[in-house]
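See structure below.
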Amino acid sequence: MTRSLNRHRSLEELERDRWSAPSADDTRLVATALALRRRPIGELTVEDMRLLIRQDIGLSHLLPLALEVLRENPMAEGHMYEGDLLSAVLASNPSVWAEFPELGRELRVIVSKLTGLPPDLQQSVECFLVP
């Protein structure tokens, strides 16, 4: 990926879209996602990226970061299970891969080298590879 990422800026800054503060009725997931949108993307952990990507938040900025992590460790783990970041990336809306084909190509290279995956993750990889 040749695109430059400004890791010192938050998703709110990068997208020029400030979301409202969480209300008392919002779930913990919503409150967490709102808080993470305000954190510089360079400070996001694997778990933070997993959570946001699963919610289809900030994909154009987070997928390149996630692929950097996956390139080094395809089975990177947040707080759920080994490979949960990869699982979140693979579950992204298929339209994102049409919008960012270079990211899709890079992900295909990463997953094509994986062997011995747990069945659920293997199924996600196969679904991704055969659209």
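The values are calculated or read from the model by the stated rules, or taken from the named source; none is laboratory data. Since we're looking at a predicted model, the values are computed, not measured. Virtual Cβ from ideal backbone geometry, glycine too; neighbours counted across all protein chains shown. Just so you know, the surface numbers come from the protein's heavy atoms only, side chains and all, with ligands and any DNA or RNA stripped out. Shrake-Rupley method; radii C 1.70, N 1.55, O 1.52, S 1.80 Å.
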**Q.** Breaking point among (1) modelled with pLDDT of 95 or more; (2) of a type outside the set (Lys, Arg); (3) out of contact with any Gly (no Cβ under 8 Å at 6 or more places or on another chain); (4) surrounded by 14 or more Cβ atoms within 10 Å (Cβ to Cβ), for residue 52
**A.** (3)
Q.
When the residues of segment 79-88 are narrowed to those that are outside any helix (DSSP H, G or I) and open to solvent by 10 Å² or more (accessible area, probe 1.4 Å), which ends up farthest from residue 19 (Cα to Cα)?
A. 82
Q | Yes/no for residue 71 being touching an Asp or Glu at 6+ places or on another chain (Cβ under 6 Å), open to solvent by 20 Å² or more (accessible area, probe 1.4 Å) and outside any loop (DSSP other than H, G, I, E, B) | A | no
Q | Single residue of 91, 66, 76, 98 found to be without any contact (Cβ under 8 Å) to a residue 40 or more places away in the chain, open to solvent by 40 Å² or more (accessible area, probe 1.4 Å), aliphatic (A, V, I, L, M) and closer than 24 Å to residue 10 by Cα | A | 91
Q) For segment 73-101, what are the residues that are over 15 Å from residue 62 (Cβ atoms) and not aliphatic (A, V, I, L, M)? A) 73, 74, 77, 79, 81, 82, 83, 94, 95, 101
Q. Hey, among the residues in segment 101-129 that are in a helix (DSSP H, G or I) and touching a residue at least 40 places away in the same chain (Cβ under 8 Å), which one's surrounded by the fewest Cβ atoms within 10 Å (Cβ to Cβ)?
A. 102
Q | Lone qualifier among 57, 53 - being in a loop (DSSP other than H, G, I, E, B), under 10 Å from the mean Cα position of the chain (by Cα) and on the phi < 0 side of the Ramachandran plot | A | 57
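The rows are residues; the columns are (1) open to solvent by 80 Å² or more (accessible area, probe 1.4 Å); (2) in contact (Cβ under 8 Å) with a residue 60 or more places away in the chain; (3) under 20 Å from residue 110 (Cβ atoms).
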{"residue": "5", "(1), (2), (3)": "no, yes, yes"}
{"residue": "10", "(1), (2), (3)": "no, no, no"}
{"residue": "17", "(1), (2), (3)": "no, no, no"}
{"residue": "22", "(1), (2), (3)": "no, no, no"}
{"residue": "29", "(1), (2), (3)": "no, no, no"}
{"residue": "33", "(1), (2), (3)": "no, no, no"}
{"residue": "36", "(1), (2), (3)": "no, no, no"}
{"residue": "40", "(1), (2), (3)": "no, no, no"}
{"residue": "45", "(1), (2), (3)": "no, no, yes"}
